[in-house]
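Working notes, structure below.
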Amino acid sequence: MSTEPPKPSPPPRNPVLVALGIPRLRLPGRNMSIFLGTVLGISGMIYYDRKNRRLNRQKWKDRVSYLAKEPLQVNELPRKVKVFVAPPPGDHIDITIDHFTQYIKPILTAAAIDWEMVQATRQGEIRYHVAEQIRKQRRGEADSRDELMKAVTDGLKYDSEGGVICVGRGAYKEYLHGLNEGWLGPLEPPMPPETEGSVEVRGLLESGDDVTQKATEASKAADAGLVTPQSPPAEPPKSTEETETREKEDKKPSVPKPYISQADYESAPMPAELAQITSFEPIVYIPHPHLLGFLNTPTRTYRFFTKRELADRCGRLTASVALSQSRPFVSRIDLAQGVEEEAEWPKKWKETALEKGSEWMQDFVVDDRIAERLRVYQLGHSEDGSSPTTVAAMEE
């Protein structure tokens with residue numbers, strides 16, 4: 001007959017804890033330890049990333065904050081930069097605006113720099129906006145102020161530095177394409193090409209031999225008085241919501257096509273206005289990585305926990321705008337900025353965009369006459385040791 005050894009008696013407890021009704025403390029079990037370790041680990045990574053994100057943002061704010069303390073004259077206005085934003089493929093423009101608000105706006109505010117934001121909800125709007133402003137300048141229509149506004153604003157001093165910030169690869173592409181179109185393209189839109197095999201009869205555009213013959217016979221019969229025109233059948237009444245939606249769609253015009261193709265950049269004559277300009281406003285590309293898709297969850301998770309790196313990169317580029325430090329535009333280097341962002345666009349979106357001839361999927365081309373007048377914002381070696389300052393160092 002086997003006898004079980006007696007169970008060891010529990011160690012004596014503190015009588016104070018017993019009097020307070022506090023139960024005996026025990027180590028958590030296996031499952032609870034896994035749960036607590038996972039929650040604390042994720043919470044710690046989020047806290048660490050947010051803390052360093054704030055530190056990186058504050059670092060660049062402190063670097064440019066002395067600009068806000070410089071006094072201005074009574075008739076002197078602060079510097080203003082233009083910010084071009086466009087929605088990432090497959091998403092809304094709110095994502096880009098949040099990116100600007102979180103990573104770019106704090107540095108501009110700390111440097112007391114004003115900005116003018118151009119929001120594009122459709123492809124081609126930034127390109128047309130930039131090109132149209134240049135065409136107005138070439139026509140002499142840039143100054144649209146009345147006599148009263150001229151008398152008020154002529155005595156003001158404006159900062160001539162300016163600057164352009166392009167958030168995302170799409171906005172960066174459209175802005176440079178708009179420069180090419182505005183300076184090298186014609187001042188008036190080209191005539192649309194005529195459609196082959198089509199004929200216009202009494203305002204109706206018909207195509208095909210059979211349709212053309214029927215339309216011609218109907219026109220002759222109507223002129224001879226043999227056929228009385230019949231009014232079209234009345235359409236059934238539409239609901240108010242459908243009518244409002246249809247009116248909004250009709251009021252919103254389509255984005256005009258480019259006045260000049262990329263293949264014609266090189267052969268386009270150089271306008272006299274461009275020969276008088278030595279340099280354009282410096283530009284900077286601000287990265288806006290936006291990865292979608294379930295299969296990209298590991299990469300998206302890593303980026304979620306390392307937003308501090310993006311904050312440091314965006315803060316460094318924005319600080320270069322505030323400090324007005326720039327270098328010459330190098331086509332081989334600067335046209336490749338954001339290529340990794342373009343590679344992460346949704347595949348289905350890119351396939352559809354290629355079929356429809358999307359501007360964002362076209363080749364990125366900048367004419368040499370435009371490139372030699374461009375400058376790109378970038379911090380010098382004394383400000384940021386990780387960034388080369390000379391063109392030779394960047395090419396290496």
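Note on the range 1-141: Lys pairs 8 or more places apart or on different chains, Cα atoms under 26 Å apart, count 18. Think of a 1.4 Å ball rolled over the protein heavy atoms: the range 6-53 then has 92 Å² of accessible area per residue.
With 0.36 nm allotted per residue and the present C-alpha distance subtracted, the GLN73-ASP98 stretch has 5.6 nm of extension available.
Classify the range 1-159 as rounded, prolate or oblate from the Cα gyration tensor: take a ≥ b ≥ c as the square roots of its eigenvalues, call it rounded if a/c is under 1.5, otherwise prolate when a/b beats b/c and oblate if not. Because a/c hits 1.5 or more and a/b exceeds b/c, the range 1-159 counts as prolate.
Inter-label distance, GLN133 to LEU55: 3.9 nm, where each label sits 7 Å from its Cα along the C-beta direction.
Heavy-atom surface analysis with a 1.4 Å probe gives the range 292-343 a carbon and sulfur content of 60 percent of its accessible area.
The values are calculated or read from the model by the stated rules, or taken from the named source; none is laboratory data. If you're wondering where the values come from, they're calculated on a predicted model, not measured in any experiment. FYI the Cβ positions are ideal-geometry reconstructions off the backbone, even for glycines, and counts take in every protein chain you see. For accessibility, only protein heavy atoms count, side chains too; no ligands or nucleic acids. Shrake-Rupley method; radii C 1.70, N 1.55, O 1.52, S 1.80 Å.
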